[in-house]
Amino acid sequence: MNGYHGQLLVVHLTTGQITTRALDPALLLDYLGGSALSAALLYPSLTRDLDPLGPDNPLLILGGPLTGLSGPAEGRFTVCAKSPATGLWGEANCGGFFGPELRFAGYDGLLVTGRASSPVYLWIRDDHAELRPADHLWGQADTYQTQEKLRAEVGEKLARVLCIGLAGERLIPFSLLLCDHGRVAGRTGMGAVMGSKNLKGIAVRGAQKIPLAREAEFSRLRSAANLALRNETVTTALRETGSAGGAEYFDFMGEMPKRYFTSGVFEGAGKVSGAVMNETILTGVSTCHACVVACGRVVTLPGERPGKGPEYETMVGFGPQLLVDDLAAITRLGRLCDAYGLDSISMSGVVGLAYLLYAEGRLSASEAGGPLNWGDPTGAERLIHLTVRRGGLGEILAQGARALGRHFGAEELAVQVNGLEVPYHDPRAASGMSLVYATSPRGACHNQSDYFLLDILRDAREETGITLHDRFDGPEKAASVARHQDWRTVHNALVHCFFAAAPPQMILDLVNTATGFDYSLTGLFRAGERAWNLKRAINHRLGLTRANDQLPKLLLQPYADGGAAGFAPDLPAMLSAYYAARGWDEATGQPTRETLQRLGLAAVADDLWT
Amino acid sequence: MPIPFPSHEWVKAFQDRLNNSAAYADVAKNWESDVLFHIEYPDGSIQLLYMDLWHGQCRDAHQVPLEGRDKKAAFRLTAPLANFVKILKGELEAMQAMMTGKLKVQGNMVVMLKNIPTVLEFVRVAQQVETDFPK
């Protein structure tokens with residue numbers, strides 16, 4: 001089986017048994033890997049009555065057929081399970097070196113089931129895997145210290161460690177898994193799922209070769225693809241300014257939200273960006289496995305050691321969203337989230353809502369442990385600590401923005417979709433994101449489709465068939481959004497970083513030479529569409545209805561000022577066009593039987609429609 | 001009377017427009033970089049236009065003779081002639097062009113990103129030059 005080892009490592013925490021499971025070649029062909037293959041593998045287990053934090057919720061960590069092969073930005077992996085944040089499909093995507101190392105150990109992925117009776121960690125060294133006690137790590141260390149301790153305990157300086165922090169231990173539904181220099185599987189609370197299993201971390205080291213169908217040809221293509229990627233303008237911009245490099249332009253276009261989605265302008269926005277970081281505190285860059293982009297930021301604050309700098313989402317969430325213009329303070333808030341193992345998008349979303357509730361007089365200083373004044377980052381730091389302690393207001397904060405809004409009688413102010421806090425690309429400036437957020441299988445998410453880049457930059461590769469539209473267009477762009485989602489689902493199957501702007505034909509050639517498959521570009525899109533529909537079907541089984549395809553009230557109110565003033569998306573009209581483009585039933589929002597059958601999902605159609 | 005683009009006469013007319021634009025003078029008051037426009041023709045030939053931009057004024061502007069093709073500037077902006085024409089006609093937005101590689105930037109991208117209003121006002125003034133576009 002080329003491109004794969006053809007097996008998962010399976011860890012039964014309740015019994016302590018560790019086995020392997022062969023992967024079905026037909027599933028690999030249809031779903032490739034990553035979150036697409038995860039959906040196919042987890043489909044039978046994900047039921048409506050399954051407790052996301054119970055022992056029966058399977059946690060699946062998967063790479064793709066290119067993971068670890070040193071191709072263009074192919075160091076990523078996915079973590080999937082039923083989400084404690086949404087009760088729906090859970091999926092998080094992570095860079096770094098852990099995913100490749102797991103493949104080097106001889107496994108395409110790791111399936112974790114059950115619950116250990118006391119905290120443990122997993123040590124994998126090629127074909128040797130064992131569970132070890134982790135009581136001494138539980139409640140003790142932050143995620144960076146945990147990595148160091150695990151590496152020391154297993155005696156492998158180069159072991160790669162994926163772990164949870166206090167947030168995961170305390171089952172906070174927006175807790176994450178972290179590896180390496182702050183690379184995170186951030187969204188949908190996969191850290192809490194791992195914490196519910198009493199699994200503190202996973203250390204892995206391996207030296208197995210990944211078999212390739214046409215090795216020499218793959219090697220030549222890989223070099224060409226990396227060279228092409230290195231010469232892309234977007235690569236240069238990401239290397240120089242990180243993911244926050246687009247901040248100025250997004251701000252100019254009104255696409256960067258401010259003051260918890262209620263203002264189109266913020267005078268201090270120009271002080272917090274990748275460009276400003278470059279000129280002030282940036283002292284280095286960091287990469288994922290074999291990546292030529294190097295978007296990771298290494299910054300040094302006065303009197304401190306070098307550490308991770310904020311990427312775009314963290315920077316906006318703790319910056320303009322709180323009217324904070326202090327890059328050092330934002331950096332510290334991001335690092336605090338990482339140390340605790342909190343998703344900084346969700347955490348900053350919760351904090352932003354708290355600031356808004358305070359500004360509106362719904363939340364008092366005494367409840368919040370002090371004032372929450374716009375522009376003051378100290379309130380945010382206090383709320384993060386409160387959240388992880390889960391005491392007083394912290395217990396409400398720890399349940400996410402939807403619960404916080406509900407607690408104060410203002411659920412409509414919580415900017416979330418299906419329980420997942422909205423990232424910082426505003427659909428009022430890039431209307432495609434209204435469909436992306438409303439229909440994403442994991443709640444509001446920009447990593448199921450970064451359509452905002454098409455809306456803002458008006459650029460798409462012709463061979464993908466993805467059409468361009470004005471950024472304020474409505475239903476006419478629905479089919480284009482659907483096609484872009486399919487393409488990004490392919491990325492999430494491979495698992496290929498969105499930042500790698502490699503030409504589609506290069507990606508296709510790499511897949512075929514690695515695996516021996518005979519995919520066409522059309523076939524890849526079909527695989528993406530299949531996985532997208534499968535995730536949708538999973539969500540319907542888990543209780544999703546058409547009413548879940550919505551946007552929060554604040555995102556449907558036009559800004560009074562800024563680069564996108566006066567516009568709000570017409571979501572109902574866009575959704576109708578989207579259902580038609582997708583072949584989904586207008587009344588229920590479900591993929592029709594015909595659509596599922598067309599995609600080779602007849603059994604799923606039977607489950608959904610009988 | 002329309003002035004052919006690209007040409008020495010055109011870049012001088014553009015310089016004149018810039019130096020009479022209060023809006024540009026204001027928004028570009030902190031800009032301190034010269035720019036070389038590297039225009040690629042379909043037959044493989046090139047043309048270079050140089051502009052020295054300093055604190056909201058254009059101190060120098062001229063067509064660079066071919067023997068000066070290695071001339072240094074803080075920024076070299078390279079694109080096919082067709083993309084320059086699209087930008088001047090308002091069919092392609094300059095920042096979009098830079099961020100998507102339709103207009104390749106050699107120079108400090110950080111400066112560009114921090115001066116988006118300057119870039120866009122610069123282009124807006126260029127679009128005011130009465131231009132005779134190549135057929």
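Assorted remarks:
- Applying the criteria of a DSSP loop state and at most 11 other Cβ atoms within 10 Å to the GluC sites (Glu not before Pro) of the range B:88-124 yields B:Glu91.
- Global dimensions of the range A:91-153 from alpha-carbon coordinates: Rg and Dmax equal 12.8, 31 Å.
- Cα centroid of the range A:107-175 to Cα centroid of the range A:197-259, whole Å: 25 Å
- Ligands, DNA and RNA left out, the 1.4 Å accessible surface of the protein assembly as shown is 51% carbon and sulfur atoms.
- Residues of the range B:88-116 whose accessible area (probe 1.4 Å, heavy atoms of protein chains only) drops by at least 30 Å² once all protein chains are present, relative to their chain alone: B:Gln96, B:Met99, B:Thr100, B:Lys102, B:Met109, B:Val110, B:Leu113, B:Lys114, B:Ile116.
- Selection from A:Thr464, B:Val111, A:Pro52, by position along the positive dipole direction of the protein assembly as shown (Cβ): A:Pro52
- Between A:Glu304 and A:Ala216, the FRET efficiency from the beta-carbon distance, with R0 = 45 Å, is close to 0.40.
- Placing a pseudo-label 7 Å from each Cα along the Cα-to-Cβ vector at A:Ser366 and A:Glu411 gives an inter-label distance of 2.8 nm.
- Accessible area (Å², per residue) of the range A:439-540, counting only protein heavy atoms and a probe of 1.4 Å: 27 Å²
- Inter-part distance where the range A:523-553 and the range A:280-349 are each reduced to a Cα centre, Å: 32 Å
- Shown is the FRET efficiency for A:Met1 and A:Thr47, computed with R0 = 41 Å from the Cβ-Cβ distance and rounded to the nearest 0.05: 0.85.
- Applying both filters, DSSP loop and at most 11 other Cβ atoms within 10 Å, to the trypsin sites (Lys or Arg not before Pro) of the range A:156-193 gives A:Lys157.
- Accessible area (Å², per residue) of the range B:25-96, counting only protein heavy atoms and a probe of 1.4 Å: 49 Å²
- Label zone at B:Gln127, where the point sits 7 Å out along the Cα-to-Cβ direction: the range B:1-20 residues whose backbone N lies under 17 Å: B:14, B:17-18
- For the pair B and A, total buried accessible area rounded to nearest 100 Å², probe 1.4 Å: 1600 Å²
- For the range A:219-266, a drop of 40 Å² or more in accessible area on going from the chain alone to the assembled protein chains (1.4 Å probe) is found at A:Thr233, A:Glu240, A:Glu248, A:Tyr249, A:Phe252.
- Here's the picture: a label point sits 7 Å out from the Cα of A:Thr467 along the beta-carbon direction, and within the range A:432-451 the residues with their amide nitrogen under 20 Å of it are A:432-436, A:450-451.
- The calculated FRET efficiency for A:Leu29 paired with A:Ala547, based on their beta-carbon distance and R0 = 41 Å, is about 0.70.
- Each of B:Asp43, A:Asp549 has its accessible area taken with a 1.4 Å probe; listed largest first, they run B:Asp43, A:Asp549.
- Within chain A, the longest run free of GluC sites (Glu not before Pro) that sit in a DSSP loop with at most 14 other Cβ atoms within 10 Å is A:1-303.
- List A:Arg582, A:Arg458, A:Arg305, ordered by accessible area with a 1.4 Å probe, largest first: A:Arg305, A:Arg458, A:Arg582
- Surface accessible to a 1.4 Å probe, A:Ile330 within the full protein complex, Å²: 0 Å²
The values are calculated or read from the model by the stated rules, or taken from the named source; none is laboratory data. These figures come from a predicted structure and were not determined experimentally. For neighbour counting, all protein chains shown are included, and Cβ atoms are generated from backbone atoms with ideal geometry for every residue, glycine included. SASA here: full protein model, heavy atoms, side chains in, ligands and nucleic acids out. Shrake-Rupley method; radii C 1.70, N 1.55, O 1.52, S 1.80 Å.
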